[in-house]
1. Roughly what would the spin-label model give for Ala114 and Ala69, points 7 Å off Cα along C-beta, in nm?
2. Using a Förster distance of 35 angstrom, determine the FRET efficiency expected from the C-beta separation of Arg51 and Lys263, and round it to 0.05.
3. Does anything in region 151-169 have its amide N under 14 Å from the 7 Å Cα→Cβ label point of Val181, and if so which residues?
4. Relative to the longest principal axis of the chain, what angle (0 to 90°, nearest 10) does the C-alpha long axis of helix 27-42 take?
5. Going through the cross-link list Lys96/Lys255; Lys195/Lys303; Lys186/Lys263; Lys192/Lys263; Lys192/Lys287; Lys45/Lys255, which pairs have a Cα-Cα distance over 32 Å in this structure?
6. Fully extended, how many nm does the chain gain between Ser223 and Asn162 (0.36 nm per residue separation, minus their Cα-Cα distance)?
7. One quarter of the convex hull surface, Cα atoms only: what value does that give for the chain in nm²?
8. Just for region 194-315, what percent of DSSP beta bridges are antiparallel, to the closest 5?
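What follows draws every value from the coordinates through simple rules; no lab data is involved. This is a predicted model, so every value here is computed, not measured. Positions of Cβ are backbone-derived with ideal geometry, glycine not excepted, and every protein chain shown enters the neighbour counts.
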Amino acid sequence: MIAPREVADWLRAHDNYLILTHRRPDGDTLGCAAALALLLRALGKTAWLLRNAEVTERYAPYVDALWAADDYAYDTVVSVDLAALSLFPDNAAPLKTRVDLAIDHHPSYEGFAAESCVCPERAACGEILYEVAAALGQLTPEVALPLYVAVSTDTGCFVYSNVTANTHRVAAALMETGIDVRGVNKALFRTKSQKRLALEGRLLREMEYFDGGRVVVVQVPRSLVRELALTENDMDDLAALGGLVEGQDCSVTMKEQENGDWKISVRTGPRVNATRVCEKFGGGGHKAASGCVITGMSGEEAKRAIVRACIEVGNA
Ligand SMILES: [Mn+2]
């Protein structure tokens, strides 16, 4: 395990970088990858990102110019915000045993890389990359902008429970480079498409309450996805919706997959251990945020099963 300052030396000593992001890429993995590529280039290195087919239009502008050509001959593979082998995108599968350095902040990081820099106390991987960029004297506006995207999105614009004083110190240093923070905040946190608002309207109307209002269920069936012609981008971070309801401490979001499976996301307060709930269905995650997949059940059956599990775990 190496510290962010040692990552700076490590990066100076290597070249011809290929940078990996995780499946269903978020602002943190993409912002970190973009920032790392740009700071390496400023050091005179060659650096490209392995194409990630699941990038949504929300984050495409930050990475579109940085994709590696299919025949790019890399020497050094670095992953960012990538905690598990199951989170390697399909085209990165051959690289599972070939990652030279992993930079991550997930406590569940699986240790797949030859060298690792993991800081679980950081709210965003972007906070680690900030330290690396600063140590290398590369905190330019070009590097700071994607890092601001990384740190702000992973903390829900600095309001999630993971946020720390360090998060704010990093954000302040990034702002001081003169980047357009207002533009990013408006685009990423204060703008919703008409489709997204129509979806939220429907879900808020149809939300169901159980266990005296302590358990909330939001269901997104395929029929609704078709009716509103929703893209993955429209459905980004839907799991946060149920968590807004006063009095609930167990919010369940159910998304029907194309094959009829139900992908379940559970967000909880201290009373309910979300990992215990999702373990009952072969899933897992963190105490306050876990997931699982329920197969072979109708929406109604799956809902009853997951609500029962939430009530059982909450009462245990
Ligand atoms: Mn992250």
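1. So the label points at Ala114 and Ala69 sit 2.5 nm apart.
2. Once rounded, the FRET efficiency stands at 0.90.
3. 151-153, 157-159, 166-169
4. Relative to the chain, helix 27-42 is tipped by roughly 0 degrees.
5. Lys45/Lys255
6. Length difference between fully extended and current span is 18.5 nm.
7. Average projection, Cα convex hull of the chain: 16.4 nm².
8. 75
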